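The values are calculated or read from the model by the stated rules, or taken from the named source; none is laboratory data. Worth saying up front: this structure is predicted, and the values here are computed from it rather than measured. When we count neighbours, we look across all protein chains shown, and the Cβ atoms used for this are built from the backbone with ideal geometry, even at glycine.
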Amino acid sequence: MRHAALTLAAVTLIANTALAPVTAAEPCARNDEKQGFDVASLKSELMVIAIACQAQPRYNEFVVRYKTELQADERALNRYFARSAGRHAQERHDNYITNLANTQSEEGVRQGTLFCPQHLPLFDEVMALKTVRELPAYAQGKALAQPIAIVECGDPKRKMRTASDK
């Protein structure tokens with residue numbers, strides 16, 4: 001009986017190891033790509049707030065005001081995923097956006113009824129920026145969750161930001 005249990009444990013360990021996805025190290029993010037990740041995180045956070053707190057009109061105002069910046073940052077993310085995932089770029093990009101929203105909505109679930117009062121003011125802060133060009137710096141200055149480690153190119157310290165940095 002003990003032998004059967006050990007065999008089952010060994011088979012399970014081998015199967016789990018064999019089936020575990022092999023992930024290569026993510027390539028570093030260039031400056032514009034890093035900015036794209038920061039802005040995507042802010043945009044996702046605002047989307048989660050809008051849905052959870054029934055503030056869709058405020059989210060729509062944000063998207064309209066920052067449309068050109070959001071599009072530029074989305075193109076930067078497209079370049080990153082094309083460079084890092086080749087023909088799987090769209091799939092990896094879609095997975096990133098989904099995981100980002102899931103990571104951020106989990107925070108809302110943890111905070112419960114405190115989430116909306118604590119996070120709705122983010123809309124006021126964003127909409128108070130004087131120019132559209134301030135958005136990337138604003139996003140970078142926020143401690144927003146990321147579902148993946150983002151390594152910046154050219155940084156001698158090779159900064160990494162993950163969901164645990166929040």
State which residue is nearest to CYS116 (Cα to Cα) when the search covers only segment 51-71 and only residues that are surrounded by fewer than 21 Cβ atoms within 10 Å (Cβ to Cβ) and of a type in the set (A, V, I, L, M, F, W, C). CYS53
Answer yes if at least one residue in segment 17-26 is more than 27 Å from GLN111 (Cα to Cα) and either touching a Lys or Arg at 6+ places or on another chain (Cβ under 6 Å) or modelled with pLDDT of 95 or more (or both), and no otherwise. no
Can you confirm whether THR103 is crowded, with 18+ Cβ neighbours inside 10 Å, out of contact with any strand residue (DSSP E or B) (no Cβ under 6 Å at 6 or more places or on another chain) and modelled with pLDDT under 95? yes
Could you list, in sequence order, the residues of segment 112-152 that are closer than 23 Å to ASN99 by Cα, charged (D, E, K, R) and loosely packed, with under 12 Cβ neighbours inside 10 Å? none
Outside any helix (DSSP H, G or I) and of a type outside the set (Ser, Thr, Tyr) - does that describe any residue in segment 98-108? no
Residue count, segment 79-105 (criterion: under 14 Å from the mean Cα position of the chain (by Cα) and touching a residue at least 12 places away in the same chain (Cβ under 8 Å)): 12
Are any residues in segment 72-91 surrounded by fewer than 17 Cβ atoms within 10 Å (Cβ to Cβ), in contact with a helix residue (DSSP H, G or I) (Cβ under 7 Å, 6 or more places away or on another chain) and either at pLDDT below 95 or small (Gly, Ala, Ser) (or both), and if so, which ones? ALA82
